[in-house]
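What follows is a single structure, written as structure tokens, with notes after it.
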Amino acid sequence: MSFVADRIGIMAAMPEELQALIDSMPDAEVVRRAGRDFWIGHLQGRAVVAVLSRIGKVAAALTTTLLVAEFGVCAVIFTGVAGGLGAAVRVGDVVVADALMQHDMDASPLFPKYELPGQGITRLHPERSLTRRVRDRVAEVLDVSSLAAGGALSQVHLDALGLHAPRVHMGLIVSGDQFVSSAADCDTLRHHLPDVLAVEMEGAAVAQVCHDFEVPYVILRTISDRADDTAHVDFPRFISTVASRYSQAMVLGLLDRHADQHVGDVFGAA
Ligand code: ADE
């Protein structure tokens with residue numbers, strides 16, 4: 001596999017979260033590895049490799065490893081949906097992770113609960129300045145005037161689901177091999193991790209692989225449900241209607257080299 005300078009890896013767990021972006025890559029060539037299709041092409045003129053990780057931490061870790069070690073990406077963007085746990089985090093909002101951890105990691109009493117055995121840490125932190133640039137750029141893409149102007153995601157799509165103007169949050173996202181769908185499980189997570197904003201099933205695994213390889217990463221999650229007793233209804237409705245549009249609007253915004261107030265895209269490419 002030839003290495004292309006500055007190629008960015010773009011991942012999502014499910015087709016509904018990635019399809020619109022793949023459709024935006026008409027020049028893409030597909031390479032198959034480990035049962036996954038890697039679409040190699042361009043978005044906004046930037047070299048990218050897009051891939052579906054499938055669901056869960058192991059699938060996400062394997063896919064991230066391939067993106068870095070075999071496809072030579074210089075950064076990874078993970079986009080998809082999550083359940084909202086923070087009090088102010090509503091369906092349709094976006095959370096940019098500035099910390100990630102596995103809520104189902106527990107090797108106690110050998111190691112403290114949540115600690116990554118042998119690494120001495122519980123939380124992983126993506127690079128701070130990149131995370132802030134991402135937060136600011138996503139807020140621009142989702143602001144009222146951008147949505148009114150139309151594009152991948154417009155006010156019309158939000159109105160169809162009864163969604164308010166999206167807010168962008170930055171904070172802790174937790175991952176585990178579990179679809180959280182009860183108020184009791186949410187309360188347990190909030191009790192142990194009071195600053196948690198969202199729960200999903202891949203982000204901390206992507207973060208751990210990128211951390212070990214020293215590759216910058218961004219975990220970007222749109223809230224599809226509140227991880228409560230209606231999550232099993234809200235999740236499929238969100239994912240089949242707007243999830244792909246959110247991913248498309250946000251990732252194209254991050255890779256846009258001509259965005260106002262930015263010199264180059266958020267990854268620093270001119
Ligand atoms: N992804 C989206 N909603 C989720 C939930 N409630 N639990 C885990 N992952 C999710």
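Observations
- Where the chain is the region considered: accessible area per residue in Å², 1.4 Å probe: 41 Å²
- Expected 222 nm ellipticity per residue - DSSP helices of 4 or more, -39500 (n - 2.57), all of the chain, to 500: -10000 deg cm²/dmol
- The peptide list 227-236, 7-16, put in order of mean Cβ contacts within 10 Å with the highest first, becomes 7-16, 227-236.
- In this Cβ point-charge picture (+1 for Lys and Arg, -1 for Asp and Glu), the chain has a dipole of about 260 debye about its Cα centre.
- Across the stretch 81-255, the relative contact order, built from alpha-carbon pairs under 8 Å that are at least six residues apart, equals 38 percent.
- Overall form of the stretch 1-134 per C-alpha gyration tensor (a/c, 1.5; a/b vs b/c): prolate
- For the chain, the mean projected area of the C-alpha convex hull, equal to one quarter of the hull surface, is 13.7 nm².
- The chain, accessible surface, carbon-and-sulfur percent (1.4 angstrom probe): 55 percent
- Positive minus negative residues near PHE71 (Lys, Arg vs Asp, Glu; Cβ under 10 Å): +1
The values are calculated or read from the model by the stated rules, or taken from the named source; none is laboratory data. Keep in mind that what you see is a predicted model, and the values were worked out from it rather than measured. As a convention, Cβ positions derive from the backbone with ideal geometry for all residues, glycine included, and neighbour counts pool all protein chains shown. For accessibility, only protein heavy atoms count, side chains too; no ligands or nucleic acids. Shrake-Rupley method; radii C 1.70, N 1.55, O 1.52, S 1.80 Å.
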